[in-house]
Amino acid sequence: MKPPPPPPPAPEGIAFASGQPPEHVFPTLTPAQLARLTGHGRPRTVAQGEVLADAERQPHVFVLVRGRLMTQMTGEGGRVIRIVVPGEFTGEMSALSGRRSLTRITALEEGEVIEIDREHLHSLVESDVELSQIFMRAFILRRVELVAQGLGDVVLVGSAHCAGTLRVREFLTRNAHPYTYIDLDRDAGVQELLDRFRVGVDDIPILICRGTTVLRDPSNHEIAECLGLNAPLDTGRVRDVLIVGAGPAGLAAAVYGASEGLDVVVLETEAPGGQAGSSSRIENYLGFPNGISGQSLAGRAYTQAQKFGAQMIVASSARRLRCDGHSYLVETDDGSIIAARTIVIATGAAYRKLAVADMARFEGVGVYYGATPMEAQLCRGQDAIVVGGGNSAGQAAVFLAQGCSRVHMFVRGDGLAETMSRYLIRRIETTGAIALRTRTEIVGVEGDLHLRRVMFRDRSRSETESLECGHVFVMTGADPATGWLDGCVALDAAGFVKTGPDLAAEDLAASSWPVERAPYLLETSRPGIFAVGDVRGSSMKRVASAVGEGSTAIAFVHRVLSA
Ligand SMILES: Cc1cc2nc3c(=O)[nH]c(=O)nc-3n(C[C@H](O)[C@H](O)[C@H](O)COP(=O)(O)OP(=O)(O)OC[C@H]3O[C@@H](n4cnc5c(N)ncnc54)[C@H](O)[C@@H]3O)c2cc1C
């Protein structure tokens, strides 16, 4: 028999860009750890040239016992990430989430691997503390590395003068999906790329997905579909709990529910994080003395929920709740129906908009509802206006003042004392770049493709002033996202969901409360439907209370399921 041809010379893998210790990103397992893994996976041989993973398959993890594997990006060019040697393992976050693989893995020579599928990976990270830490850390750091290097299967071509570009960048970033960004305003060579895919400038932003599919000004749902962000949803199964909304409250419910063995699915209109995801720095959340950005907090919680096996569906909204059958049914905006024995309503609140003509036209191109590093980058070195007198407005002003030439804070009231925490008031007073204007409201906006000028007035006077300013941050609170509940549960006068002791006898009578017991704390006027976080009537409207309520609700879910 002819001996197999010698393996091709393997190209070197990428250099690390995010400053992570290489031994944490690509750890080598000890013989004892490898022996423990055998019980969680399928030992098998691989042939030289065999493709073990690509974009079309559910990603499995391969622990290499003998031979060499090449990991490369699936997109155009197929950049080599790592030559895996014995003792190392493949995989990153998509192995846990069930999202489509970002990498292609090829055996460079005949060898032996332990193949671990998603189900066994979940049981491994839940049962083996030491291996769980090694795998989770490596998966997270590998994803961080891909994001840091813009190494993904997505190229986004956009412009700072296009609202859709900011939306898509935020969607990809909040879903921790790595992408390469080409700025039309700065990159002269981009025309060649546009010609190649036969797209006009009017179609921006353009998203080139996996090197082949070209999406013109895609919706978040289209992006999620193309990138395989959601694992297939088994709509024939009745879930233990369906959580609607992946802000802090929904994520906490997902982590507790899944870690306690419940079959959990989470539905989220955009991306994990909710309002907290738009906060530049949360300083009052327990355990983070230096503060943490809302995005980092959400990213960690999202990973944690996936580690325990919660199924997350992003870019998909609950459109209607049906509560007249044996189990509860939630209809999504693409027409799917998800059945569950209990529901956790965690839809929080949607940002309030200013009643000013033309304001909507500049959303994303001068008018923003969150102040993350992405928006801060857009107004660096320029003036910005922050509207609002609450803590979120204060945080935004202090954060933006680090990069903007001047931040004008417009507050309708006489001062900040009644609406803002003292520590933030002090920071505003001591930050020279912030100019506070009380009793002030915006009355008009002007611009072309981008916001250029803002008209405002002192509420005690009739004359109007104006400011050349291209960036307005509206931080004026939020209204409850309850439109989809379709009359199933009792709401208070302001539209928030009533729960537990807040429910009056007539609320229970109106929904024909069918059981002997009184509603549990956090339970709505329907048994087994709970409301947590900002969407709930008497909630505290804070990250910590939302997290507390999300986790508490799961204790009551258990009681309902076991009744
Ligand atoms: C800029 C900013 C800064 C803040 N800073 C702080 C702070 O420093 N400290 C603090 O304690 N609090 C802070 N807050 C308040 C805090 O973020 C909220 O109290 C908290 O996020 C509420 O969490 P939640 O999960 O209840 O709701 P939300 O965070 O509002 O999340 C609700 C989620 O539900 C989703 N959703 C809505 N409708 C649907 C639907 N029909 N189908 C599917 N999904 C849906 C939304 O997309 C969203 O992701 C801040 C808020 C903002 C806006």
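Put Trp513, Trp484 in order of accessible area, highest first, and with a 1.4 Å probe you get Trp513, Trp484. About its Cα centre, the dipole of the chain is roughly 740 debye, where the only charges are +1 on Lys and Arg Cβ and -1 on Asp and Glu Cβ.
Taking every lysine pair in the chain that is 8 or more places apart or spans two chains, those with Cα atoms closer than 28 Å amount to 4. Across every pair of different alpha-carbon atoms, what Kirkwood hydrodynamic radius in Å does the stretch 280-406 reach? For the stretch 280-406, the Kirkwood estimate is 18.1 Å. DSSP beta bridges confined to the chain are antiparallel in about 60 percent of cases. When you count the other C-beta atoms within 10 angstrom of each residue and take the mean per peptide, 329-338, 80-89 line up highest first as 80-89, 329-338.
With θ taken as phi - 60° and the Karplus curve 6.51 cos²θ - 1.76 cosθ + 1.60 applied, the whole-hertz 3J(HN,Hα) list for the stretch 394-405 is x, 4, 4, 4, 5, 5, 5, 5, 5, x, 7, 6 Hz, x standing for glycine and proline. Computed log10 I(q)/I(0) for the stretch 80-191 at 0.16, 0.17, 0.18, 0.20 Å⁻¹: -0.85, -0.92, -0.98, -1.13, from the Debye equation with unit scatterers placed on every C-alpha and solvent omitted. Sorted on the mean count of surrounding Cβ atoms within 10 Å across their residues, most packed first, peptides 27-39, 107-119 read 107-119, 27-39. Working from label points 7 Å from Cα in the Cα-to-Cβ sense, the Glu363 to Gln133 distance is 4.6 nm.
Could you order peptides 288-296, 408-416 by the average number of other Cβ atoms within 10 Å of their residues, highest first? Display every interim value, and only then the final one.
Values: 288-296: 16.1, 408-416: 18.9.
Per-residue Cβ counts within 10 Å, averaged per peptide and sorted highest first, yield 408-416, 288-296.
Report the percentage of all Cα-Cα pairs in the stretch 471-563 whose separation exceeds 24 Å, rounded to a whole percent. Please list the in-between numbers first.
Working: 954 of 4278 pairs.
The share of Cα pairs beyond 24 Å in the stretch 471-563 comes to 22 percent.
Considering helices alone, the calculated mean residue ellipticity of the chain at 222 nm is -8000 deg cm²/dmol, with DSSP H runs of length four and up weighted by -39500 (n - 2.57) and normalised per residue. The simple spin-label model puts a point 7 Å past each Cα toward its Cβ; for Arg406 and Arg44 those points are separated by 6.7 nm. Whenever you get a sec, compute what percent of the accessible area on the chain sits on carbon and sulfur atoms (1.4 Å probe). Carbon and sulfur: 51 percent of the exposed surface of the chain.
For the chain, the relative contact order comes to 11 percent (Cα pairs under 8 Å, sequence separation of at least 6).
How much length is gained if the chain between Asp185 and Glu465 is pulled fully straight, taking 0.36 nm per residue apart and subtracting their Cα-Cα distance, in nm to one decimal? Could the numbers behind the result be given before it?
Values: separation 280, 0.36 × 280 = 100.80 nm, distance 3.18 nm.
That pair, Asp185 and Glu465, stretches by 97.6 nm at full extension.
By a 1.4 Å probe calculation restricted to protein chains, Arg406 has an accessible surface near 90 Å², given to the nearest 10. Take every Cα pair under 8 Å whose residues are at least 6 apart in sequence, average their separation, divide by the length of the stretch 133-289, and the relative contact order is 19 percent. For the chain, the solvent-accessible area with a 1.4 angstrom probe is 44 square angstrom per residue.
Could you check what % of the DSSP bridge pairs in the stretch 111-267 are antiparallel, to the nearest 5?
Working: 8 of 16 bridges.
Bridges in the stretch 111-267 are about 50 percent antiparallel.
Summary of the geometry: the stretch 240-300 and the stretch 143-164, compared by the centres of their Cα atoms, lie 23 Å apart. The percentage of C-alpha pairs in the stretch 17-160 whose separation is greater than 27 Å is 16%.
With Rh defined as the Kirkwood radius, the inverse of the mean 1/r over Cα pairs, the Rg/Rh of the chain is 1.00.
For the stretch 32-73, the calculated P(r), taken from all Cα-Cα distances in 5 Å bins from zero up to the bin holding the longest distance, is 5, 17, 29, 25, 17, 7, 1 percent. Working value for the stretch 188-271: equivalent-ellipsoid semi-axes of 38, 13, 10 Å, each the square root of 5 times a Cα gyration tensor eigenvalue, largest first.
The stretch 489-546: which trypsin sites (Lys or Arg not before Pro) are DSSP loop and have at most 11 other beta-carbon atoms within 10 angstrom?
Details: sites: Lys498, Arg517, Arg536, Lys541, Arg542; in loops: Lys498, Arg517, Lys541, Arg542.
The qualifying sites are Arg517.
Its relative contact order, with pairs defined as Cα atoms under 8 Å and 6+ residues apart, puts the stretch 311-383 at 15 percent. For the stretch 239-346, the C-alpha radius of gyration sits at 1.10 times the compact-globule guess of 2.2 N^0.38 Å, with N the residue count.
Accessible surface of His24, taken over heavy atoms with a 1.4 Å probe and every protein chain present, rounds to 60 Å².
Heavy-atom accessible area for Ser562, with the other protein chains in place and a 1.4 Å probe, reaches approximately 90 Å².
The values are calculated or read from the model by the stated rules, or taken from the named source; none is laboratory data. Predicted model only: the values in this text are computed from it and were never measured. Positions of Cβ are backbone-derived with ideal geometry, glycine not excepted, and every protein chain shown enters the neighbour counts. We work out accessible area using only protein heavy atoms, side chains counted, and drop any ligands, DNA or RNA first. Shrake-Rupley method; radii C 1.70, N 1.55, O 1.52, S 1.80 Å.
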